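Where a number appears in this text, it was derived from the coordinates with a stated rule and is not lab data. Just so we're clear, the structure is a prediction, and the values are computed from it rather than from any experiment. Backbone-built Cβ (ideal geometry, glycine too); neighbour counts: all protein chains shown.
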Amino acid sequence: MRILFITSNRLGDAVISTGVLDALQKRYPAAMFTVVCGPVAAGLFEADPRCERIITMEKRRHDRHWIDLWRACYRTRWFMVVDLRGSLIGLTLRARRRIIVRGGRRPGRRVEQLGEALGYRRTPMPRVWISEKQRVEAVAALPEGRWLALGPTANWDGKIWPPERFVELAQALRAENLRPVVFYGPGEGERARAEPVLQALPEAVDLGGDKSLGEVAALLQRCALFVGNDSGLMHLAAAAGTPTLGLFGPSRASEYAPAGRLARFVEAPGLEGHAPIEGLGVAAVLKVAKEILREKDVCVPDRRSD
């Protein structure tokens, strides 16, 4: 019994989709899964024991990447094809059942839209898969303590909270015995965006740049709180069960707020989708961060991973 699961090329959307993948795995315990995603998201599924194959799909001219995918999949007789990209490929493959989720943006939280499209009355929450080796390495990198994970980067500059405010927030949270850890993605651009925070917080642990998504998820689970911009890293933190505070300005929290029991968000004042993130003050973020920490102290730890 084989199921083809086609998810997003973008990291944040791929993380959101892990909830419905997990729900499908529970509904069909004998099935094995082939996951199709973009290269940036492939690491999400590497430690999943039910994932027998990962197909990375890179965009090509004239949509030839879809032809490549069809060639990789047409020989298999699929029990089910689940296409979260809204493409036509599911109609061209041999499958007993097909679920094709309409593409494009529409009102409402994306995580809820996916659950409803697959017929789940209760929204499946995103999760992560982590290997034992990754857990051991995370403990070595972040031993016992109260760690504050900061995510000061994003895929475009309009979503980035000013770095000096991340610094001010981290300094204020020293009173909560939190020590900062800075996360960011691969590449010189990500490093450059994180550099002002690293320079201003010499005590911070630099854990950005070159780690797999499974490693990052394991490290995030060692942290008492994540505070960061609307990004794939924010969604990964929430999926890992880390108390998460997402910062929103011009992006829409009504669609992409982090999903999790201790996941919250704060928005810059103004019209949603147009509010400059510079309008979001440190005091508003600090207030919600402390509320999350107080709630965490009375909650049983939530770790949605293997």
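Evaluate the charge dipole of the chain about its Cα centre and quote only its size in Debye, nearest 20, assuming +1 on the Cβ of each Lys and Arg and -1 on the Cβ of each Asp and Glu. Show your work: numbers first, answer last.
Numbers: 46 positive and 35 negative charges, 357 e Å.
Rounded to the nearest 20 debye, it is 1720 debye.
Cross-link candidates for K290: which aspartates and glutamates have Cα within less than 20 Å, leaving aside residues fewer than 8 places away along the same chain?
E164, E168, E176, D230, E267, D302
Between F79 and Q171, what length comes free when the chain is fully extended (0.36 nm per residue of separation minus the Cα-Cα distance, one decimal in nm)? Show your work: numbers first, answer last.
On the way: separation 92, 0.36 × 92 = 33.12 nm, distance 5.34 nm.
Result for the pair: 27.8 nm of gain on full extension.
For E112 and R294 in the same chain, what is the full-extension length gain: residue separation times 0.36 nm, less their Cα-Cα distance, in nm?
Values: separation 182, 0.36 × 182 = 65.52 nm, distance 2.71 nm.
Here the answer is 62.8 nm.
Using θ = phi - 60° and the Karplus form 6.51 cos²θ - 1.76 cosθ + 1.60, what ³J(HN,Hα) does each residue of the stretch 177-184 get, whole Hz, x for Gly and Pro?
With coefficients 6.51, -1.76 and 1.60, one gets 6, 9, 10, x, 10, 9, 10, 6 Hz.
When you count, for each residue, the other Cβ atoms within 10 Å and take the mean per peptide, how do 194-200, 138-144 rank with the highest first?
Working: 194-200: 17.6, 138-144: 13.7.
Packing proxy ranking, top to bottom: 194-200, 138-144.
Using θ = phi - 60° and the Karplus relation 6.51 cos²θ - 1.76 cosθ + 1.60, list the HN-Hα couplings for the stretch 254-259 in order, rounded to whole Hz, with x at every Gly or Pro.
Couplings: 4, 9, 10, 4, x, 10 Hz.
Taking each pair of different alpha-carbon atoms in the chain once, compute 1/r for the pair, average those values, and report the inverse of that mean as the Kirkwood hydrodynamic radius in Å to one decimal.
Numbers: mean 1/r = 0.0502 Å⁻¹.
Radius from the Kirkwood sum: 19.9 Å.
Under a 5 Å amide H to amide H cut-off, with H placed in plane at 1.01 Å, what residues pair with G209 once short-range neighbours are removed?
Y184, G185
Name the residue farthest towards the positive end of the dipole of the chain from the options A289, V111, I6, assuming +1 on Cβ of Lys and Arg, -1 on Cβ of Asp and Glu, about the Cα centre.
I6
Give me, ordered by chain and number, the residues 5 or more places off V181 or on other chains with an amide H under 5 Å from its own placed amide H.
Under 5 Å from the amide H of V181: L148, A149, L150, V205.
Need the list of lysines near K296 for cross-linking: C-alpha distance under 30 angstrom, and skip anything on the same chain fewer than eight residues off.
K26, K133, K159, K211, K287
Tell me, what is the FRET efficiency for D68 and M32 to the nearest 0.05, using R0 = 22 angstrom and their Cβ-Cβ distance as r?
Plugging the Cβ-Cβ distance into 1/(1 + (r/R0)^6) gives 0.50.
Considering the dipole of the stretch 27-66 built from charges on the beta carbon (Lys and Arg +1, Asp and Glu -1) around the Cα centre, which of A47, T34, W66 is farthest to its positive end?
The listed residue farthest towards the positive side: W66.
Charges only on Cβ, +1 for Lys and Arg, -1 for Asp and Glu: so what's the dipole of the stretch 169-306 about the Cα centre, in debye to the nearest 20? Please list the in-between numbers first.
Working: 15 positive and 18 negative charges, 84 e Å.
It works out to roughly 400 debye.
Please work out whether the stretch 16-105 counts as rounded, prolate or oblate from its C-alpha gyration tensor, where a ≥ b ≥ c are the square roots of the eigenvalues and a/c under 1.5 means rounded, while otherwise a/b larger than b/c means prolate and anything else oblate?
Rounded, since a/c falls under 1.5.
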